[in-house]
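The values are calculated or read from the model by the stated rules, or taken from the named source; none is laboratory data. Computed from a prediction, not measured in an experiment: that's the story for all the values here. The area values use the complete protein model at the heavy-atom level, side chains included, leaving out ligands, DNA and RNA. Shrake-Rupley method; radii C 1.70, N 1.55, O 1.52, S 1.80 Å.
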Amino acid sequence: MSENPFLSLFQNLEKISNSIQTHLSTFIARPANPSRTDNNALFSVSSSPKPSAPSANFQAFGPEEVLKKVQTAAPVTKEELGRATWTFLHTLAAQYPDKPTRQQKKDVKELMAILSRMYPCQDCADHFKEILRANPVQAASHTEFSQWLCHVHNVVNRSLGKSVFPCERVDARWGKLECELRACDLQGTSTKFWD
Ligand code: FAD
């Protein structure tokens, strides 16, 4: 007796349905570490050292968590952006070597110039351009650069009616990063004869 033609059709449909469910469940899988609270991250990258498959490296929140995050996401304020940028700049100055290479001196000058063009607050960028014109970047050494940065930060502080920071305390406020095996050194820190 011949096989029921509907049986094979149903079997194929079941296979397709299972396959779709497997893929969907991979996509909306719960994060491996639900305690993670990165405000801006809808998706997190697993810190697992050995992902078993490409999809295991990409974990997403469930739909209700995505919705909650979209509803609570707030735009970054000018103050937050400022604090984050100063943190970056003063940390860079803390790491800046006593004897920078020619390339490093060139790079910090360029970085400041780029900041004065691309800082995503037009008034701040224009103001910073004027500050740079009146106070050209000084980056011959760690001390020179960190003191110069402290000074220009104070120029901004004064213009905003904020208190002036005592620059003799800049190294105490912005210490070097703690990294093993000098992993936080700026690129090209070790002086080579071709630098
Ligand atoms: P911030 O000024 O952000 O400082 C962060 C921390 O750095 C402070 O808590 C303090 O511990 C330390 N600090 C303060 N002063 C110094 C210093 N001189 N040296 C070393 N450490 C110090 N905002 C505007 O409204 N108008 C602008 O024109 C403007 N221009 C800006 C230009 C640049 C390049 C940048 C990076 C930011 C600018 N901002 C501007 C943002 C502004 O400077 C502040 O970041 C923001 O108002 C938040 O201030 P805050 O009081 O939290 O401390």
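State in Å² the accessible area per residue of the stretch 59-169; use a 1.4 Å probe, count heavy atoms of protein chains only, and round to the nearest integer.
Values: 6760 Å² over 111 residues.
It amounts to 61 Å² per residue over the stretch 59-169.
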Q: List, in the order given, every pair from K105/K162; K105/K129; K78/K176; K106/K162 whose Cα-Cα distance in the structure shown is over 21 Å.
A: K105/K162; K78/K176; K106/K162
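Using a 1.4 Å probe and counting only protein heavy atoms, arrange Y96, Y119 so the residue with the most accessible area comes first. All intermediate terms of the calculation are to be shown ahead of the outcome.
Working: Y96 5, Y119 35 Å².
So, going from the largest accessible area down, we get Y119, Y96.
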Q) Considering the alpha-carbon set of the stretch 68-195 alone, what are its Rg and its Dmax in angstrom? A) 16.2, 55
Q.
For the full complex of protein chains and a 1.4 angstrom probe, list V137, V164, V152 by accessible area with the highest value first.
A. V164, V137, V152
